[in-house]
Amino acid sequence: MKKDFILILDFGSQYSHLIARRIRDIGVYTLLSHYNEISISHIISKKPKGLILSGGPFSVYEKNSPLISKNIFKLNIPIFGICYGMQLISFLFGGKIKKSNSKEYGKSYLIIDHTNNNLFHGIPGKSIVWMSHFDEVQNLPKEFKVIGHTSSCDIAAFSHINKKIYAVQFHPEVKNTEYGISMLKNFVFHICKCSSNWVLNDFVQKTIDDIKKRVNKKKVVLGFSGGVDSFVTAYIIHKAIGDSLNCIFIDTGLLLKTEKEKVSFLCKKMNFSLKIIDARNRFLSKLTGVIDPEIKRKVIGEEFILIFQKESEKIKNVEFLAQGTIYSDVIESSVISKNLISSSIKSHHNVGGLPKTLMKLKLIEPLKELFKDEVRKIGEKLGLPKEILYRHPFPGPGLGIRILGEVNEKKISILRKAENILLQELKNYDIYDSVSQAFIVLLPVKSVGIKGDKRTYEYAAILRVTNTEDFMTATFSHLSYDFLEKVSNRITNEVNGINRIAYDITSKPPSTIEWE
Ligand code: XMP
């Protein structure tokens, strides 16, 4: 199934996973490996058809900068360096790197100097590329030639004179690079000679067969959240082993309005055996007096695990724990554990690791190799309702991290009503599917207002709507004033407790999507 594949060596760029996604989109399987997690002999044994060296936030001259062995160039496997990957190739061949005169960030025009170069096959002589770098190649080693430049970067692309080694300073994986996909296709198909072999249909059938064989007559327990990943996971496992799958849904009391009912309706429809645990009071009492966002996340995460653990122990013959882990979770937890980013920004409780007792169970993670869009494609092929597959994500700690400051029952009820109105209007205006995530944040701040001639002193709330491809970077959604006015009017009129709404117009970074 995975005959031809491309191996990406990750040097810590925020875009590395995008390279993998783009290549899978064009039908070729890819794997992403932390640059020092894989040795040269390991690479040889895996037999990739091509190697991509990703970008990264480092300078090759920095102490402890991430380097690889020069022997990689002796493998005779085609190599494509992107941004830091380009600087690294040049550095390892003895070239010089310099700080750019002007930090280049954003849109630039690439002028191709060698139109017959394989990397640029079919690409116009001038096109838009996306730059994001501080350093650049100053002197090329003698074995290389420049194949493209921009107005502020003389060496924006180069290739080896007789080996299949190519590099670009810009980011072909980012959508803003006009012909980025064409360049990746040229590398993968023309240069590496890969055949298009990544077919999701095969993946589903093979996964179902594997699970059937592995689980045999034992039982599997799954923490069911109702989100896309857990739904598709449950569906695939259920197809493999039927009622030996036990789904547990914990009602934390921090869910959206009617969420529990929706989940239980859908599970019934799909014939999953679902146990709903009402833990609303437990979470509420644990959260009393907790204000700090990180402590809040930890309290919710720990409580969740404790309850889940207790419930799974009640099921006889359980040998497997299923999780809806997807490939970006794997990358994210690996990046955090490898300290590629100096500190984790928020403790996401689904990548926080498992307690010892649950670790005794064997893991089943059928979606571990897939990106979100691939999970959705699979869901579509399996005939799952679009309403589930295209739901906006909802964070594990739920409304707990959308109520800033202390969480209590009254605030949960206020926020739930406001979120429900937002959801209705997103659907009324037909906006739901064109934005990535939309929600309300309740501030711990009250302001003076006027409702029906009476003075009010109620909470201020924030409307947060974002567009993003991968949730690692995001922009605020450019919505019509008409929609904003409607949502604001309805919430302030219909929800007792909120008398002011502001729209969050920050991107991620520097903000994050959630406020806590
Ligand atoms: P941030 O706020 O980090 O959010 O920009 C990025 C995406 O992750 C979601 N999110 C979470 N999802 N458990 C989850 O399952 C969590 O603890 C968690 N925290 C944030 C957030 O809603 C957004 O989609």
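Report yes if some residue within the range 410-426 is within 25 Å of Thr475 (Cβ to Cβ), open to solvent by 60 Å² or more (accessible area, probe 1.4 Å) and at pLDDT 95 or above; otherwise report no. Checked against the condition, which is being within 25 Å of Thr475 (Cβ to Cβ), open to solvent by 60 Å² or more (accessible area, probe 1.4 Å) and at pLDDT 95 or above, the range 410-426 yields at least one hit. Of the residues examined, Cys247 is not one that is within 30 Å of Asn76 (Cα to Cα) and among the hydrophobic types (A, V, I, L, M, F, W, C). Filtered by the rule that a residue be open to solvent by 40 Å² or more (accessible area, probe 1.4 Å) and either touching a His at 6+ places or on another chain (Cβ under 8 Å) or without any contact (Cβ under 8 Å) to a residue 24 or more places away in the chain (or both), the range 359-375 gives Met359, Lys360. On inspection, Ser507 fails the criterion of being crowded, with 17+ Cβ neighbours inside 10 Å, within 16 Å of the ligand (Cβ to nearest atom), in contact (Cβ under 8 Å) with a residue 24 or more places away in the chain and farther than 26 Å from Ile291 by Cβ. Pairs are defined by a Cβ separation below 6 Å, a sequence spacing of at least 6 or placement on different chains, a first member in the range 453-481 that is within 23 Å of Glu516 (Cα to Cα) and assigned to a loop (DSSP other than H, G, I, E, B), and a second member that is open to solvent by less than 40 Å² (accessible area, probe 1.4 Å) and not β-branched (Val, Ile, Thr); the pairs so defined are Thr468/Ser436; Thr468/Ala474.
Conditions tested, residue by residue: (1) under 22 Å from Arg24 (Cβ atoms); (2) more than 15 Å from the ligand (Cβ to nearest atom).
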site: Lys381; (1), (2): yes, yes
site: Pro385; (1), (2): no, yes
site: Ala461; (1), (2): no, yes
site: Met472; (1), (2): yes, no
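Of the set (1) modelled with pLDDT of 95 or more; (2) of a type in the set (A, V, I, L, M, F, W, C); (3) away from the ligand (no atom under 14 Å from the Cβ), all apply to Ile440 but (3). Candidates Ile6, Ile82: the one that is of a type in the set (Val, Ile, Thr), within 30 Å of Lys377 (Cβ to Cβ), surrounded by 20 or more Cβ atoms within 10 Å (Cβ to Cβ) and touching a His at 6+ places or on another chain (Cβ under 8 Å) is Ile82. Away from the ligand (no atom under 16 Å from the Cβ) and at pLDDT below 95: is that true of Asp482 in this structure? Here the answer is no, as Asp482 does not meet what is asked.
Across the range 453-480, the number of residues qualifying as within 17 Å of Gln424 (Cα to Cα) and open to solvent by 40 Å² or more (accessible area, probe 1.4 Å) comes to 1. When you check Ile431 against the structure, is it in contact with a helix residue (DSSP H, G or I) (Cβ under 9 Å, 6 or more places away or on another chain), under 30 Å from Ile23 (Cα atoms) and modelled with pLDDT of 95 or more, yes or no? For Ile431, the condition - in contact with a helix residue (DSSP H, G or I) (Cβ under 9 Å, 6 or more places away or on another chain), under 30 Å from Ile23 (Cα atoms) and modelled with pLDDT of 95 or more - is met. As for the range 185-203, it holds at least one residue that is more than 30 Å from Met131 (Cα to Cα), under 25 Å from the mean Cα position of the chain (by Cα) and β-branched (Val, Ile, Thr).
Given the structure, is Glu516 open to solvent by 40 Å² or more (accessible area, probe 1.4 Å) and within 13 Å of the ligand (Cβ to nearest atom)?
Answer is no for this residue.
One residue stands out among those in the range 416-437 that are more than 19 Å from Lys262 (Cα to Cα) and of a type in the set (A, V, I, L, M): the one that is nearest to the ligand (Cβ to nearest atom), which is Val435.
If you filter the range 266-312 down to residues that are of a type in the set (Phe, Trp, Tyr) and within 16 Å of the ligand (Cβ to nearest atom), you find that the one that is farthest from the chain's Cα centre (by Cα) is Phe283.
Residue count for the range 390-415 under the criterion of being at negative phi and more than 16 Å from the ligand (Cβ to nearest atom): the result is 8. As a summary of the residue check, Ser196 satisfies the conditions (1) out of contact with any Pro (no Cβ under 8 Å at 6 or more places or on another chain); (2) surrounded by 15 or more Cβ atoms within 10 Å (Cβ to Cβ) except for the one numbered (2).
The values are calculated or read from the model by the stated rules, or taken from the named source; none is laboratory data. This one's a predicted model, so the numbers in the text were calculated from it and none came from an experiment. When we count neighbours, we look across all protein chains shown, and the Cβ atoms used for this are built from the backbone with ideal geometry, even at glycine. Areas reflect the complete protein model, heavy atoms only, side chains present, ligands, DNA and RNA absent. Shrake-Rupley method; radii C 1.70, N 1.55, O 1.52, S 1.80 Å.
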